[in-house]
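Worksheet: one structure, shown below.
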Amino acid sequence: MCAGANKEMRIASTLSLLFLSNLFMTYAWYGHLKTHKESPLFVAVLISWGIAFFEYCLQVPANRIGSAALSLPQLKVIQEVLALLAFVVLYRYLWEGSLNWNHAAAGACLVGAVFFVFR
């Protein structure tokens, strides 16, 4: 396998793992507001910690794999964009929230951030 293909595979693996980890983390942070609203706070915290464990099981390997192909600033910006994308997915489908033009404008600004950090 050539070095370029290996780098592309690392980036693809990193993106996949980061997106999945951010789905877990977003649910750990906000899921209790929907599914455990009536539970005592300590129960919500314990459940969120349990969910966050799986986020770390994906996030740590993603960063290790990605650090061989990307700089730390690139990894961080990608992670932030994927965190917001994961939030949008969960917000739209679990909470049935709606998005409007200012959310799209914010997304465009994030695309700009990715452009500049990779430039």
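The values are calculated or read from the model by the stated rules, or taken from the named source; none is laboratory data. In this text the structure is predicted, and so the values were computed from the model without any measurement. Here Cβ is always computed from backbone atoms with ideal geometry, including for glycine, and neighbour counts include all displayed protein chains. The area values use the complete protein model at the heavy-atom level, side chains included, leaving out ligands, DNA and RNA. Shrake-Rupley method; radii C 1.70, N 1.55, O 1.52, S 1.80 Å.
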What is the residue count in region 88-101 for residues that are part of a helix (DSSP H, G or I) and either more than 20 Å from Val77 (Cα to Cα) or in contact (Cβ under 8 Å) with a residue 24 or more places away in the chain (or both)? 6
I want to confirm something. Restricting to region 61-80 and keeping residues that are touching a Leu at 6+ places or on another chain (Cβ under 9 Å), open to solvent by 40 Å² or more (accessible area, probe 1.4 Å) and of a type outside the set (D, E, K, R), which single residue is farthest from Leu23 (Cα to Cα)? Ser67
Which is under 19 Å from Leu90 (Cα atoms) and either surrounded by 13 or more Cβ atoms within 10 Å (Cβ to Cβ) or without any contact (Cβ under 8 Å) to a residue 12 or more places away in the chain (or both), of Lys7, Lys37? Lys37
Of the residues in region 82-119, those that are open to solvent by less than 40 Å² (accessible area, probe 1.4 Å) and at pLDDT 90 or above come to Leu82, Ala83, Ala86, Leu90
